Amino acid sequence: MSFHTKLRHLAIAAAAAASIALVSTTPANAGSVENLERERAMVLQAILMPDLGPDERVSKIGASQRRLIDLERIVLRDDSLTGRATPAVRKAFANYDLTFLMHAATEKKMLLVDNWFTAMGLTTQSIMATRTGPR
Amino acid sequence: MNMHKLKLLAGSALVGVVLAATPVAAANPGTPTWQPKVSERLVKLPPAYMKKSLDRDFARSALGQAVQDIEREIALKTQTLADLQRATEQADGDVLIELKHQFLAEKRGYLDLMQQKQDMQRKQVATRHRVLEKLLAKLNRKSGGLNPARQKLVDQQSAARQRFNASASKVDMNLFAEQDLPESKYSREYGKNLQAIQSLVAAIKSHPMNSQGALDGDDISKPEYVRRMVADAEAELALIDQESQILGFMAKIVALDAMVLSEEIADSDYADSDVTEPNDITNVVNLFVNN
């Protein structure tokens, strides 16, 4: 093999490796925020659904917890979201306590439900202090 | 005055006048050029490789070839000057004058070549400076250019990640140890992959091709490296200007030498001529008094 052929082969190998490196840095989890939002919506639905019994509610919330943790971590570790100012991403990072429900709740040693109500500003006192009236 | 001496005299005077009048002449408009492009490939290259790529591109350009050619010519001219200087030390009479004249003419040729080289160097460094400025602007556009809304988002993301990293182990302990939740496949695989990624990142960090971004022992970012290259190019331009001043002084010395030589030739010619001394009237006083 001549020197020029070797050189060409080396250049092709370097270019191939560089293209692989570029491909591997492209965002792999483009819908990570949307996935988290879907799971979070299901949990909130379980919290707020009026016709669910207490056991059923706890079981529904418990079933989502594991997935919620994973999805929250996927979003927090997703470098492709850095600086991506879409409405969904902006909203997701605007309030840690409301988006990363499981992590925020565990960090504060609270139940997921309590943490969400607190983050929304809904306390027993505030609910008791409300009055009915025309909007 | 014989014709040869007259020619030498005219030649020496002309060398002096030309050099004194235009110590640094304008660049020849027909000189070769170098037109590098700021491509995406150049932006993505590691910093040191970027510099090498520019150097290689210049060496392959018409301007690069011309600089190499003129370097060779200057080396030959320097050799000729040294030979003539040695010969001048051993010569005398008309041969000495002839050699001195040749020496001056060769000096002028050397200065012309040096001036052409400086023009080319100035062109090269100015082009490099321009390319690096564009490269820096491109890098800044890529890395920065955050508007306040995006900057706010980046800050929030950074704060969220910091908060998560600070509490992740506590959360794991609470969930897996106390609440006895089974570890998910994502969690298991993530831990395994993270170790592999960390070892690969360490290997990349210590890779010689990657560590070429270090300058003077500092590990610096790509924009910082390019900024330093821009500063180096500016310093090079300043040095070329200074060298051009040196060239101007050298030209002045050659001009003065040429004037001295022409004076010497004129003096010796005058001494050899039949021109008589003006008669003093007091010398003939005796002719009148003793009669």
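No lab work stands behind these numbers, since they all come straight from the coordinates. Bear in mind that the values here come from a model prediction, so they are computed numbers and not experimental data. Here the Cβ positions follow ideal geometry from the backbone for every residue, glycine too, while neighbour counts run over all protein chains shown.
List of remarks:
- Cβ-Cβ distance of residue B:91 and residue B:33, R₀ of 60 Å, FRET efficiency by 1/(1 + (r/R0)^6): the value works out to about 0.85.
- Tensor-based shape of segment B:120-179 (alpha-carbon gyration tensor, a/c under 1.5 rounded, otherwise prolate or oblate): prolate
- Footprinting exposure proxy for B:232, B:55 (fewest neighbouring C-beta atoms within 10 Å first): B:55, B:232
- Under the Karplus curve 6.51 cos²θ - 1.76 cosθ + 1.60, θ = phi - 60°, whole-Hz ³J(HN,Hα) for segment A:46-55, x wherever Gly or Pro sits: 5, 5, 9, 4, x, 8, 8, x, x, 5
- From phi via Karplus (6.51, -1.76, 1.60), per-residue ³J(HN,Hα) for segment B:258-269 in Hz, x at Gly/Pro: 5, 5, 4, 5, 5, 5, 4, 4, 5, 4, 5, 5
- Spacing of the two label points (7 Å from each Cα toward its C-beta) at residue B:201 and residue A:35, in nm: 2.0
- Least to most buried among A:49, B:50 (fewest other Cβ within 10 Å first): A:49, B:50
- Local net charge near residue A:72, Cβ-Cβ under 10 Å (Lys/Arg +1, Asp/Glu -1): +2
- Computed from backbone phi, the HN-Hα couplings of segment B:108-118 come to 5, x, 4, 5, 4, 5, 4, 5, 4, 4, 4 Hz, rounded to whole numbers (Karplus: 6.51 cos²θ - 1.76 cosθ + 1.60, θ = phi - 60°; Gly and Pro given as x).
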